[in-house]
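Okay, structure first, notes after.
Any read-out appearing in this document is the output of simple, stated calculations on the displayed coordinates, not a laboratory observation. These numbers were taken from a predicted model, which means no experiment stands behind them. In this analysis, Cβ positions are derived from the backbone assuming ideal geometry, glycine residues included, and neighbour counts consider all displayed protein chains.
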Amino acid sequence: DPVTGVKVGETEADYLARVIARNIETGQIPPATTYKIIEDTDLPTREYRNAWRFNGTVLKHDMAVARQIKLDTEIRPERNKRLVAKDVEISKAMAERNTALVDSLEVKRQALRDMPVTVKPSIDAIADPAALKVWQPVWPA
């Protein structure tokens with residue numbers, strides 16, 4: 001079949017064995033890799049897929065990795081956008097020579113810079129990938 005790659009008369013098991021052997025030959029799967037073919041229904045949620053780990057029996061999320069992904073792909077980019085906006089506010093306040101406002105905005109900017117460290121205890125307490133996905137920090141004003 002040109003779409004699936006299954007040869008005429010080839011069983012699913014034969015097809016999978018052929019694909020695995022080819023991937024080992026090409027180096028996409030290291031020869032000593034432990035693997036198990038599992039059903040779609042046995043897959044964890046797709047959230048934080050790069051945090052999936054196989055322990056030889058079951059595929060599950062490594063929550064430490066999932067938490068880091070949350071920080072790197074959601075918290076930090078949002079924080080960076082907010083920092084840019086805060087920098088614009090500070091520039092305007094400096095142009096107006098409003099030192100009290102500049103001081104206030106710099107405190108808020110520092111709170112944004114500290115967000116990855118500030119939210120870490122909250123993120124570390126989350127043990128479920130679905131809960132991690134919906135969790136949002138309280139952003140400084």
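Key figures for this structure:
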quantity: Sum of side-chain charges, Ile90 neighbourhood, beta-carbon under 14 Å (Lys, Arg +1; Asp, Glu -1); calculated: +2
quantity: Leading residue at positive end of dipole, the chain (Cβ point charges), from Ala100, Asn23, Ile90; calculated: Ala100
quantity: Span from the the range 62-133 Cα centroid across to the the range 1-46 one, whole angstrom; calculated: 42
quantity: Within a Gaussian network of the chain (alpha carbon springs, distance under 10 Å), most fluctuating of Tyr15, Tyr35, Tyr48; calculated: Tyr15
quantity: Under 14 Å, Cβ to Cβ, from Leu112 - net charge with Lys/Arg +1 and Asp/Glu -1; calculated: +3
quantity: Rg over Rh, two decimals, the range 40-87 (C-alpha only, Kirkwood Rh); calculated: 1.21
quantity: For the chain, the spread of Cα positions along each principal axis, largest first, Å; calculated: 79, 33, 25
